[in-house]
1. Please compute the modelled spin-label separation between ARG31 and ASP48, points set 7 Å along Cα→Cβ, answer in nm with one decimal.
2. Output wanted: per-residue J couplings in Hz (rounded whole) for the range 64-78, from phi through Karplus 6.51 cos²θ - 1.76 cosθ + 1.60, θ = phi - 60°, x for Gly and Pro.
3. Dividing the Cα convex hull volume of the chain by residue count, how many Å³ per residue is that?
4. Give me the number: length gained by fully extending GLN102 to ARG20, i.e. 0.36 nm times residue separation minus the C-alpha to C-alpha distance, one decimal in nm.
5. Over the chain, with the other protein chains present, what is the accessible area per residue in square angstrom, probe 1.4 angstrom?
6. Relative contact order for the range 18-79: what is it in percent, counting Cα pairs under 8 Å that are at least 6 residues apart?
7. Once you keep just the Cα pairs under 8 angstrom separated by 6 or more residues, what percentage relative contact order results for the chain?
8. Can you give the accessible area of THR97, probe radius 1.4 Å, in Å² rounded to 10?
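The values are calculated or read from the model by the stated rules, or taken from the named source; none is laboratory data. Since we're looking at a predicted model, the values are computed, not measured. Cβ sites come from the backbone with ideal geometry, for glycine too, and all protein chains shown count toward neighbours. Accessible surface is based on the protein model in full, side chains and every heavy atom, while ligands, DNA and RNA are left aside. Shrake-Rupley method; radii C 1.70, N 1.55, O 1.52, S 1.80 Å.
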Amino acid sequence: MSTNIIARKLETLQRKGSIRSVDVANVLQIRPETVSRWNQGRAFPQPDAERTLLDLEYVVDQLADLYEPDEARMWLFSRQKLLNGQIPLELIQQHRTDEVLQVIRQVLDGVHI
C-alpha cells in the first residue's frame, strides 16, 4: 500500500527535523488524533492547516542543509537573535514563513545565528 502525500510530509518532518506528530498538532492548533488520521489517510488537512504544514516542511528541508534533525528541531523551537528574539515555529504558525526563510538564507550565505 502506498503512503499518502500527507503521511510522506509528516515522515519528512520527523526524519529531517525530529518534528513529531504532537509537535505538528501543537503548531497547527489541532488535536494529535487529527494528525494521526492524516497519517493513516483517513482525513486530510483543511487548506489553512495544509499551507502551514507545507511551509513547515519546506523550512525543515532548508534547515537539513545546516543541522542534524535534533538541532533543526531545537532551532525551530528556540528564540532566534536574527528574528529579534522570536521563535521560528510561531512565525510559521502566523504565516510569516518568509521571515524565517530569510534568516536561513543568511545562515546559508555565511551569517551565523
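1. Inter-label distance under the simple model: 1.9 nm.
2. For the range 64-78, the Karplus curve yields 4, 6, 10, 9, 6, x, 5, 5, 4, 4, 4, 4, 5, 8, 9 Hz.
3. Working: hull volume 10.2 nm³, N = 113.
In the chain, the Cα convex hull volume per residue is 90 Å³.
4. Values: separation 82, 0.36 × 82 = 29.52 nm, distance 2.46 nm.
Going from the current span to full extension adds 27.1 nm.
5. Working: 6740 Å² over 113 residues.
Computed with neighbouring chains in place, this is 60 Å² per residue.
6. It rounds to 30 percent for the range 18-79.
7. On the way: 118 pairs, mean separation 28.2, N = 113.
Relative contact order, the chain: 25 percent.
8. Here the accessible area works out near 10 Å².
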